[in-house]
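Written below as structure tokens is the structure these notes are about.
Taken together, the values in this text are just the output of simple stated rules run on the coordinates, not laboratory data. Note that the coordinates shown come from a computational prediction; the quantities given were computed from them, not determined experimentally. Positions of Cβ are generated from backbone atoms using ideal geometry, with glycine treated the same way; all protein chains shown enter the neighbour counts.
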Amino acid sequence: MTSRICPLCEACCGLDITVEDGHVTAIRGDADDVLSRGFICPKGAALGELHDDPDRLRGPLIKRDGGFVAATWDEAFAEIAARLPPIIDAYGPNAVATYAGNPTAHKAGLLLYGMRLSRELRTANVFSASTLDQMPKQLASGLLFGHWLSVAVPDLDRTELLVVLGANPVASNGSMWTVPDFRGKAKALQARGGTLVVIDPRRTETAALADEHHFIRPGGDAFLLLGIVHTLVTEGLVRLGRLAPHVTGVDAVAEAARDFAPEVVADRCGMPAATIRDLARRLATTPRAALYARIGACTQTYGTLASWLVDVINTLTGHLDAVGGVMFPKAAAFAANTAGASGRGKGVTTGRRHSRVSGAPEVFGELPVTCLAEEIETPGEGQVRALIAIAGNPVLSAPNGPRLAQALASLELMVSFDIYLNETSRHAHVILPGYSSLAEPHFDVAFPQLAWRNTARYSEPLVAPPAGHPAEWELLVRLIGIVRGRGANVDVAALDDELAADDVRRLAGPMTEAVLAAVAPRRGPDRLFDLALRAGPYRLTLDAVRAAPHGLDLGELAPRIPELLRTPSGMIELAPPALISDVARARADLARPAPPLVIIGRRQLRSNNSWMHNLPTLAKGKFRGTALVHPDDAARLALQDGGRARISREGRAIDVQVEISDHMMPGVVSLPHGWGHDLAGTQLAVASQRPGANLNALLGDDLRDPLSGTAVLSGVAIEMHPL
Ligand SMILES: Nc1nc2c(c(=O)[nH]1)N[C@H]1C(S)=C(S)[C@@H](COP(=O)(O)OP(=O)(O)OC[C@H]3O[C@@H](n4cnc5c(=O)[nH]c(N)nc54)[C@H](O)[C@@H]3O)O[C@H]1N2
Ligand SMILES: Nc1nc2c(c(=O)[nH]1)N[C@H]1C(S)=C(S)[C@@H](COP(=O)(O)OP(=O)(O)OC[C@H]3O[C@@H](n4cnc5c(=O)[nH]c(N)nc54)[C@H](O)[C@@H]3O)O[C@H]1N2
Ligand code: SF4
Ligand SMILES: [Mo]
């Protein structure tokens with residue numbers, strides 16, 4: 001039995017896994033894990049099935065005459081070396097795009113070396129699932145606090161009031177907030193007399209646990225939050241507390257909220273004015289309270305505005321950076337907010353370049369993924385002709401997936417780093433699969449920066465890698481070798497030494513040799529972990545972390561302002577000009593009537609976006625990819641429970657199974673994303689038996705939050721008819 005960090009979701013649970021003869025025979029939560037303390041969910045319990053899934057690719061595939069054939073690693077890289085450099089030579093670096101999917105954030109080899117690959121390509125066309133997800137939160141946090149990953153998370157163990165907006169952590173296990181066993185922690189909050197409030201257009205699993213649930217009209221969040229700010233200001237409830245000397249822009253925020261009295265915004269957000277006032281008063285007067293919002297508040301027209309207002313409210317009520325409020329983790333490694341001079345920095349900027357076709361601004365080095373299809377389709381200088389896709393399935397996960405699929409099919413070269421032949425990788429010319437995650441070491445680069453408690457953990461590989469199968473980071477280094485013009489057979493170890501030395505030189509200058517000697521003979525990600533731990537705020541080493549098989553506990557969250565700030569002013573810049581001016585867009589939209597029917601998404605415990613539907617234990621049981629419809633809407637539209645219906649929007653349509661549910665807000669339909677496994681040319685024997693409908697075949701790629709470039713995936717008007 002060995003302790004392993006689960007690589008599947010942001011909860012990052014420590015699991016006890018028993019392996020016999022190369023197969024997993026038992027998995028349970030590791031009760032001694034310093035972060036997760038025994039929690040496990042059904043997906044973690046299915047890691048053994050993932051390890052053994054016969055459809056999981058065991059070696060590279062090359063496309064020949066429209067079909068895939070098994071290849072050797074040398075053949076796969078020879079193919080790439082023959083095809084990629086001529087594209088760059090002929091059309092320039094922007095002709096090659098990269099797309100990084102969600103698992104990239106969970107696998108350090110993919111994350112660290114994938115980012116490196118994008119830099120080496122020197123392409124402007126860098127895309128990721130972030131613009132289908134959390135970019136609004138990162139942009140708002142960056143503008144306020146000076147770095148993209150300075151995100152405040154609820155101090156759940158010590159709060160008395162938690163308000164959850166547009167998140168369902170009981171199903172998702174938390175996001176932009178690493179909080180294994182949310183349910184247990186929420187029950188403990190209630191047991192000590194505290195209150196959990198959920199605001200969501202669906203009465204979710206989290207709402208079922210809550211003391212209070214309020215429906216909100218999809219996309220109404222910015223209006224609700226402006227109504228709360230208005231109440232705080234006009235009722236004299238603003239209380240900055242300890243942070244007062246560190247905050248600028250309070251007056252500008254108050255002025256921006258002036259037209260948004262609760263009585264004015266009530267219809268727009270579908271909530272009674274009295275409820276909005278009551279929420280504002282309780283957030284202000286509860287000594288320890290936290291407001292937390294997630295994807296429902298991000299993937300909408302006002303994603304950045306809403307994400308910003310959450311931190312504005314936490315600040316105005318004195319709960320930012322306060323015990324029992326929202327606080328900033330202090331990660332042991334890789335956190336920019338523990339690096340460099342403390343208290344002041346460069347801050348963040350956007351729009352250093354723009355997308356070629358739509359002119360969308362770059363944010364955090366990326367362009368919106370909703371621009372990818374048009375960048376491939378539109379001829380001219382800078383047209384994307386090749387794509388390197390890393391652990392992503394945008395044909396299902398990005399809006400207007402069918403258009404993207406068509407665009408991918410037109411590429412001169414597509415390379416997929418993926419473990420399945422699925423809806424996206426089927427378009428690749430070469431697929432490069434990693435091996436089972438159980439054969440890899442694990443270290444979380446990003447999530448300790450978002451965690452409910454400070455810890456440092458590392459997992460040793462549990463099984464030996466298959467003979468001759470390189471690690472994913474080695475595949476990426478080999479690709480970097482091709483990009484650097486060194487051909488298909490670069491010495492991976494030597495190039496990795498060069499890359500590490502480059503990185504260290506930038507930070508350590510004349511100390512480079514000494515720093516590298518200290519971490520020798522480590523290589524690959526392990527070397528980068530060791531370097532980052534040594535440079536981190538606890539001055540740890542990889543050996544010290546490895547010596548603690550259940551992790552090192554670095555303590556509960558503690559106040560970090562002003563030390564954490566990296567803004568140019570050295571202050572919390574509460575009123576960034578871009579956000580203040582975006583309030584005008586909301587003001588102009590205040591009176592927009594609710595469309596009769598809109599669609600939103602949902603997550604399910606047994607899914608992981610688009611890709612775990614091929615595991616029998618997760619796929620079995622009642623079909624869960626249903627469209628939830630309120631009884632009144634069902635009656636009005638003549639829909640039957642269990643019947644089929646067509647949902648359409650702007651000439652696109654999908655057919656779904658209806659489930660009538662009074663958990664829905666009237667006028668709102670909920671359908672999970674990540675389904676639609678009925679496309680030709682995939683190898684997903686289990687998933688294709690019950691494919692479900694692809695929500696993203698319905699949604700358009702024309703709707704974005706203009707500030708962050710994040711797609712609007714929620715609150716989109718639809719029509720629905722029985723079939
Ligand atoms: N309508 C709608 N659309 C959404 C959302 C929504 O709420 N509504 N949510 C959005 C969000 S939050 C996200 S993060 C995106 C996700 O968008 P994507 O990241 O594009 O999609 P995933 O389904 O996570 O795809 C993960 C891919 O990684 C592969 N994979 C899994 N493990 C590994 C591995 O170890 N190595 C490699 N190389 N590949 C691996 C899988 O086979 C799969 O192809 O979807 C977004 N799409
Ligand atoms: N089991 C499981 N866990 C997952 C994933 C998964 O696919 N399955 N995906 C992972 C990923 S990539 C992410 S990003 C996280 C996301 O984690 P969460 O943000 O917790 O995601 P959801 O469970 O989709 O919860 C979003 C909620 O927003 C509500 N909502 C929709 N539109 C609106 C709106 O306009 N306003 C408000 N206030 N609410 C709205 C929805 O009804 C839903 O309950 O989950 C991660 N964890
Ligand atoms: S909650 Fe997430 S990290 Fe924990 S076991 Fe489940 S999938 Fe793995
Ligand atoms: Mo996500």
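Quick look at the values:
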item	result
Separation between Cα centres of the range 609-662 and the range 193-234, rounded to whole Å	25
Global form of the chain, assessed from the alpha-carbon gyration tensor, a/c cut-off 1.5	rounded
The range 240-274 residues near the modelled Thr234 label - backbone nitrogen below 12 Å, point 7 Å along Cα→Cβ	257-266, 273-274
Where labels lie 7 Å past Cα in the beta-carbon direction, separation of Thr285 and Glu460 in nm	5.7
Around Ala261: net Lys/Arg minus Asp/Glu count, Cβ-Cβ under 15 Å	-1
Peptides ranked, highest mean first, by Cβ atoms within 10 Å: ranges 439-447, 299-307, 498-506, 684-692	299-307, 439-447, 684-692, 498-506
Neighbourhood net charge (11 Å Cβ-Cβ; Lys/Arg +1, Asp/Glu -1) for Glu375	0
Ordering of 535-544, 187-196 by burial proxy (mean other Cβ atoms within 10 Å per residue, highest first)	535-544, 187-196
Fully extended contour minus Cα-Cα distance, from Leu723 to Arg242, at 0.36 nm per residue	167.2 nm
Environment charge of Ala105, counting only residues whose C-beta is closer than 10 Å and scoring Lys/Arg +1, Asp/Glu -1	-2
Protection-proxy order for peptides 662-673, 84-95, each taking the mean of Cβ atoms within 10 Å per residue, highest first	662-673, 84-95
Those residues of the range 104-140 whose amide nitrogen sits under 15 Å from the label point placed on Arg506, 7 Å along Cα→Cβ	112-123
Helix-only mean residue ellipticity at 222 nm for the chain, each DSSP H run of n ≥ 4 adding -39500 (n - 2.57), per residue, nearest 500	-9000 deg cm²/dmol
Alpha carbon centroid spacing (whole Å) that separates the range 341-371 from the range 1-68	35
